[in-house]
1. How would you classify region B:72-165 from its alpha-carbon gyration tensor, with a ≥ b ≥ c the square roots of the eigenvalues: rounded for a/c under 1.5, else prolate if a/b is greater than b/c, otherwise oblate?
2. Do the sum for chain B: with -39,500 (n - 2.57) for every DSSP H run of n ≥ 4, divided by all residues, what is the mean residue ellipticity at 222 nm, to the nearest 500 deg cm²/dmol?
3. Mind checking which of B:Leu20, B:Leu181, B:Leu53 has the largest fluctuation in a GNM of chain B, springs on alpha carbons under 10 Å?
4. 222 nm [θ] for chain A, helices only, -39500 (n - 2.57) per DSSP H run of 4+, per residue, to 500?
5. Output the direction-averaged projected area (hull surface divided by four) of the convex hull of the alpha-carbon atoms of region A:177-225, in nm².
6. When the dipole is taken about the Cα centre of region B:14-159, and only Lys, Arg (+1) and Asp, Glu (-1) are charged at their Cβ, what size is it in debye, to the nearest 20?
7. Among rounded, prolate and oblate, which fits region A:108-154 when a ≥ b ≥ c are the square roots of the eigenvalues of its C-alpha gyration tensor, a/c under 1.5 means rounded, and a/b larger than b/c means prolate?
8. With the cut-off at 29 Å, tell me which of the pairs A:Lys81/A:Lys358; B:Lys177/B:Lys236; B:Lys177/B:Lys237; A:Lys81/B:Lys109; B:Lys46/B:Lys141 have Cα atoms farther apart than that.
Amino acid sequence: MRQSPVKSSTPAVGGLPESTRALGVGLLAAALVTGYAIWFLHAEDELTVGFLLVLAVVATVVAARMGAFRHVERAFSEHEKVMNGAAICGVIVVAGVFREDHFTLLMIATVLLYMLAGLGLTIQFGYLGLVNLSGASFLGVGAYTSAVMLEHTSVPPLLILLAGGLMSALAGCLLILPVLRAKGHHAAVVTIAFAILFKSFLEVNDTLGGPQGLTTGEMSLLGWGFNSSIEFANGFFISFYFKYLLLSLALLVVAFALTKRVERSWIGLSMDAVRLDETAAACYGLNIARWKALGFTLGNFLIGIAGALYAMMLGYIAPANFSFGDSLILVSIVLLGGMGNPWGLAVASAIVVILPEKLQMIQEYRFLLFASLVVLILLFRPDGLLPRGMRNYIPGWRGKA
Amino acid sequence: MTDKEVLLSCEGVTRRFGGLVALDDLNLDVNRGDIMGLLGPNGSGKTTFFNVLTGIYDFSDGQALFDGEDITRHRAQAVYRAGIARTFQRSRMCLSLSLLDNILVGDHKRLNLGLGFNLFRRGAFARDFERHFEDARDLVKVFSSALADCMFDAVGAFPMLDRRRIEICRALISQPKLLLLDEPSAGMTHEETHQLMDDILSVRERTPELAIIIIEHEMSVMERITEHCAVLNFGKKICEGSYEDVVHNPQVREAYLGIE
């Protein structure tokens, strides 16, 4: 539909081709979201935060009425590179504005790492239909791998990130057999069991610090440590979290591109077919076990990398960071955002990570709040806040008329 | 009939579910290029036969030879690779995926599924994609040129007739030697059924080598398109022959109407 050759050549009101107009609206939207994010992150008292939330809802409804989303969607599908670039610039601008503020930078970097983990779950859950309720455990495998390796080896930290991903993928392999043998909800139960086993294992394991956890070394690139802030003689100050934020962003961009490529290939097609109807898929020659094993492993790999960097950034990890509740939060991010749509993760992770920090009064009730939010979304907008569109194998491809 | 080559040969195919014998010692031969009708009252084992043949269920007993290959122990995947494609009674499409996606799922044996190819050689992938896209569109055009303009629309948005067409395209894209159609007219009006049968006959004209087994309750359909019919009742084959022979067979009338 989006690639139909007819639509793209339609001239629109105002003399501009519709596609260019869509790009304009898309860039404007990116700028507005960036501005809103800065305003929101600046907000101190709960009244302002409340006002900004209402503003966001009203603006969304008005924009939807005016049909702006159609243009934005189009901008993303037809001018993908420009829009992706705009999103990256937006994050860097926001980070630049808050360059001195440790806490805000940490929060943004956390959002980015949650998104990275969310990409892993998107492959597992959104594409393949494998419900992984032990996302936080795989995050934990990555985190503990990086803590231990930084402490006891002299492997370059960048490779440790990779090792975190590999260890997590390897831990996932333990689960593949039971997950393949069980179907649907039963497979989800297997992952719950793993989440509980993993946490108990950490709590009783003294080498890994038991319930107290471990302190983690710092990230460094070519000998350039990440745990020191940058100060210039003229008083210009950049928080050390800024470096973590940029690295998280870089990893996220790579993983995002990878996830998109998975979707836009025969692999994505096969995974969707497995999710939607296993029996029919088998009758068309799909190797169900192969796709499940591949998707599960790839997903855990991404989650593990996120965990490894998360540990370095926090400087301290404990089993409580990787509880079953955190796994549920990760799953709810995927559900809220829209199954299988990586952009949905951005919205959902921002809500899930930033909202409780800004509204201290809901901190206590955040699980209750997210749970009801997920229920409401599933009731009224089952495809999530930003539903996934049709597969667009080659962006910008129009076919021969 | 004797000058044609036997494509599928089933011998003593039996399937038991606990004490229930759903298929009882079924012998059936299908020739290359034939259209065979499979008739029988509800619960007589027609769909079970398809499920056993395509590897969804195991054979309890008996064997099947397909194009010289013993497919008795084949899983669903291997049956598909041997050249048998099917449609389902309860049309099993991926409704949220596009028309193109649904058809290409059926072309699995020709898709390059390598990780490196799909993720990192995007230029080569784009060329491969274009080729498959053209193939799929050409096939859809045989059925309906209107559909061929909507390759990127979700299948869920189409009416039943188009979904059936898409489902048949999904089965045909891999160029199977045998096509199994499980009640293609279910849920359609008389007029729509008629159109679909026109489509099936035109497919057959394009590919005279393709053999088809069709399960259908609509007798006019059977009369029009089949060369050969077999009737099942309680899992047993009670009659086989031309449509005329079969409908006038007293056993068949008894099975359907319960009277002599």
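Read the figures in this text as sums done on the coordinates, not as results from a lab. Everything quoted here is computed from the prediction, not taken from an experiment. Glycine gets a Cβ as well: all are built from the backbone with ideal geometry, and neighbour counts include every protein chain shown.
1. Working: a/c = 1.93, a/b = 1.10, b/c = 1.75.
Cα axes put region B:72-165 in the oblate bin.
2. -11500 deg cm²/dmol, from helical runs alone.
3. Top of the fluctuation ranking is B:Leu20.
4. Using -39500 (n - 2.57) per qualifying helix, the result is -23000 deg cm²/dmol.
5. Details: hull surface 23.6 nm².
Computing the convex hull of the Cα atoms and averaging its projections yields 5.9 nm².
6. Values: 18 positive and 18 negative charges, 81 e Å.
Computed charge dipole of region B:14-159: roughly 400 debye.
7. prolate
8. A:Lys81/A:Lys358; A:Lys81/B:Lys109; B:Lys46/B:Lys141
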